[in-house]
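Asks: Provided herewith is a single structure, encoded as C-alpha cells, for subsequent inquiry.
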Amino acid sequence: MLNGTVATVARRGICLAIVWAAVALVCAQWSPALAGTWKGKVSDVGGVKTVANPAVAMEPPVTVKLEHLWTVGGDTEDEDEFFGVIADIEIDNSGNVYLLDSQLAEVKIYTKDGELIRTIGREGEGPGEFRLPNAMFFTKEGNIAVLQTVPGKIVLLTPDGKPAGDFPLPQPADGGFQILGGGQARAGNIVLFLGRTAFQAGEGKWSRSDFLVSVDTKGTQLSQYAAKTKTIVMADATLRFSDWDTFERRWELGPDGKVYACESYPNYEITVFNKAGAVEKKITREYGHQALGAKEKDMLKRIMDFSAQQIPGCKVVIDDNAKDIESIHVRDDGNIWVLTSTGARTKPAGSLGVFDVLNPEGQYVKAVTLMGEGDPLSDLYLLVKNRLYVVTDFLQAAMAAQGMQGAVGEEEEAEPMAVRCFKLEGDLLSAR
C-alpha cells in the first residue's frame, strides 16, 4: 500500500476498473416514447458548475446481453495462452489487441479475432525492458509506452518489440522517490498518475502525494489535475482504507482530452477538468451508500494489515460503507459510464453488473444491466474502443503476485487467468 502496490494489486477489486458493454439482444422492452425529462439541477456551488442528478434516471432501465467474441487463456494446455497478471489492454489502429502482463513483464499481441501474433518486451533494466508494469498507451509515433510502477519510468517499444527509448517523466524538485501509478493518452493529451513520497525525520512523519498531470513528450509537466496528500504520524500511525483508496484507478481521459476523476471516496461525485487543469464542472447524483459486508470488510482488513506490517504499532481502520463509485469510463461518444457500489454488489444473477449511463452533459439518462459472465469485485473489467474485456480472477492473481496469498480468503486454488472479449456496440448503450 505504501509503496504503490494498491493500484497494481487491487485494481478494481479494491478499485476495480470499469466496464462498458454491450450489444445484441435486448432483454427489456424500451422505446423512445418512454424517454423522460431530466429532473436534476445545474447550479453554482462554491464557484464550480455542479450538475446534480436525482436518484431516478430520465429513461427506464434496460438489460443487454453481450455478444461473446473470443476467450484466450484459462484452462488450456497452450503455453502461448498462459498469463501471470493482465494489467492493461489496448487496441491499435489495425484492431490488434495488446495484453500487458504485469507479472511476466511482457506484451502479448493478438488479432481482433483472438489469434496470437507475437510477444514483445521482457523483464529487466536494459533497453526495452521493465519490471511489474501497470499500464500502457500508444504514442503518436505508433510506439507502445509501457509504464513501470517502481521506480517510475516509461519504456517505449515498437510494435515488433524493438526498444524505442524511454519517455521522460517530470522529476520531483527535491529529487525524492517517485511512483508511476498509471497513464493514458487521448485526444493529444498524455496524463500520468504520479505519487511522490517524503519522510520528515525530525517530525516523525511520512507522507505520499498523489496527483494527475499532463505531460509532453519531453517529460515537461503542462497541467495538474486532481491531487491528494496522505500523512502518517509514526508515533500514532493509522491506516484508514478510505484515505488510501484514492482516485488512482477512478479517473479517465475523455475523447476531448478532459480529465474525469472521482476525488471523493464516499460520495457519488465526478470532477471534470479541462485540458489546462481548471475544474470545469462537478457531477453528482442522489445516492444511498452501500454497506460493506462482513466478508468484504475482513478481506480489506487483511490487505491493509499486510501493508501495516511495515509500520510498528500501526492501526488499520476499514470504513463501514463502500465508495459510491467503483469505476468510471468515458466512451468515444462522450457518454460517461459509472459502476456504482450497488451495481457491483447487488447485480442480477448472470450479469456483469448494473451501470449508470450519463450523457456528455453529465445528466443521468438510464441504468444498463449487462448480461454476461463476470464479477466486478474479483475480475478486472476493461473497456477499449468497441470491445469489453473481462480479466478473470484478477484480484486473487494480483494478490498472489505481491506475496499476499490468502488475503482474499480463497479456499481453493485459483483457476488459470483468462481474458474474455465481448462486443461493445448498440444504440441501447448510448445516452440520447
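Asks: If I take every Cα pair under 8 Å that is 6 or more residues apart in segment 5-429, average their sequence separation and divide by the length, what percent do I get for the relative contact order? List each step's numbers first, then the result.
Replies: Working: 1097 pairs, mean separation 90.2, N = 425.
Here the relative contact order equals 21 percent.
Asks: Within a Cβ distance under 10 Å of S209, other residues only, what is the Lys/Arg minus Asp/Glu net charge?
Replies: Details: positive: R196, R208, K228, K230; negative: D210.
Every neighbour counted, the sum reads +3.
Asks: Which percentage, to the nearest 5, of the DSSP beta bridges contained in the chain is antiparallel? Please report the intermediate quantities before stating the final value.
Replies: Details: 106 of 121 bridges.
Restricted to the chain, the bridges split so that about 90 percent are antiparallel.
Asks: Sticking with this one: Over the Cα atoms of segment 167-226, what is the Rg over Rh ratio if Rh follows Kirkwood? Don't skip to the end; give the middle numbers.
Replies: Details: Rg = 12.9 Å, Rh = 12.4 Å.
Rg divided by Rh gives 1.04.
Asks: Stick to the Cα atoms of segment 221-340, pair each with every other, and give me the Kirkwood hydrodynamic radius in Å at one decimal. Let's see the in-between values first.
Replies: On the way: mean 1/r = 0.0625 Å⁻¹.
Radius from the Kirkwood sum: 16.0 Å.
Asks: What does the helix-only formula give at 222 nm for the chain: each DSSP H stretch with n ≥ 4 adding -39500 (n - 2.57), the total divided by the residues, and the result rounded to the nearest 500 deg cm²/dmol?
Replies: -2000 deg cm²/dmol
Asks: Listing H289, H329 from the residue with the fewest other Cβ atoms within 10 Å to the one with the most, what is the order? Present the calculation step by step, with values, prior to reporting the outcome.
Replies: Working: H289 16, H329 22.
In increasing order of surrounding Cβ atoms, one gets H289, H329.
Asks: Taking a virtual spin label 7 Å from the Cα of K140 along the C-beta vector, which residues in segment 241-257 bring their backbone nitrogen under 20 Å of it?
Replies: 253-257
Asks: For V384, V390, which order do you get if you count the other beta carbons within 10 Å of each Cβ and list the fewest first?
Replies: On the way: V384 17, V390 25.
Starting with the residue having the fewest Cβ neighbours, the order is V384, V390.
Asks: Using only the C-alpha atoms of segment 52-93, find the volume of their convex hull and express it per residue in Å³. List each step's numbers first, then the result.
Replies: Values: hull volume 10.2 nm³, N = 42.
In segment 52-93, the Cα hull volume divided by residue count equals 243 Å³.
Asks: Grab the Cα-Cα distance for K41 and F82, subtract it from 0.36 nm times how many residues apart they are, and report the gain in nm with one decimal.
Replies: So the extension gain works out to 9.7 nm.
Asks: Distance cut-off 20 Å, Cα to Cα: go down the list K112/K366; K112/K153; K112/K385; K41/K228; K112/K423; K323/K423 and report the pairs above it. Walk me through the numbers on the way to the answer.
Replies: Working: K112/K366 30 Å; K112/K153 29 Å; K112/K385 12 Å; K41/K228 28 Å; K112/K423 11 Å; K323/K423 29 Å.
With Cα atoms farther than 20 Å apart: K112/K366; K112/K153; K41/K228; K323/K423.
Asks: Right, something else. Test of understanding: what is the full-extension gain from D305 to K385, defined as 0.36 nm times their sequence separation minus their Cα-Cα distance? The partial results should precede the final answer.
Replies: Details: separation 80, 0.36 × 80 = 28.80 nm, distance 3.77 nm.
Working it through step by step, the gained length comes to 25.0 nm.
Asks: A further question follows. Taking segment 347-402, how much of its Cα-Cα pair set, in percent, is spaced more than 15 angstrom apart?
Replies: On the way: 917 of 1540 pairs.
Every Cα pair in segment 347-402 considered, those over 15 Å come to 60 percent.
Asks: Compute a Gaussian network model of the chain, connecting alpha carbons closer than 10 Å, and tell me which residue from V354, V317, V419 fluctuates the most.
Replies: Between V354, V317, V419, it is V317 that shows the largest mean-square fluctuation.
Asks: Moving on to the next point. Compute the distance in nm between two label points, each set 7 Å from the Cα along the Cα-to-Cβ direction, one at N96 and one at E203.
Replies: For N96 paired with E203, the spin-label model returns 5.0 nm.
Asks: According to the Cα gyration tensor, what semi-axes, each the square root of 5 times an eigenvalue, does the equivalent ellipsoid of segment 5-429 have, listed from largest to smallest in whole Å? Don't jump to the answer; show the numbers that get you there.
Replies: Working: eigenvalues 179, 147, 108 Å².
Taking √(5λ) for each Cα gyration eigenvalue gives 30, 27, 23 Å.
Asks: So, one more: Near K65, which aspartates and glutamates are there with a Cα under 14 Å away, not counting those fewer than 8 places off in the same chain?
Replies: E373, E425, D427
Asks: If neighbour count is taken as other Cβ atoms inside 10 Å, put T37, T229, T71 in order from fewest to most. Each step should come with its number before you reach the end.
Replies: Working: T37 5, T229 11, T71 17.
Lowest count first: T37, T229, T71.
Asks: Another question, if that's okay. Quick one: P(r) of segment 255-401 from all Cα-Cα pairs, 10 Å bins, percents rounded to integers, in order of increasing distance.
Replies: Here the calculated profile for segment 255-401 is 10, 34, 35, 18, 3.
Asks: More than 15 Å apart: what percent of Cα pairs in segment 183-271 qualify? Walk me through the numbers before you get to the answer.
Replies: On the way: 2480 of 3916 pairs.
Summing the P(r) tail past 15 Å for segment 183-271 gives 63 percent.
The numbers here are math on the coordinates, done by the rules we state, and not lab data. Note that the structure is a prediction, hence the values are computed from the model and not measured. All Cβ positions, even for glycine, are placed from backbone atoms using ideal geometry, and neighbour counts span all protein chains on display.
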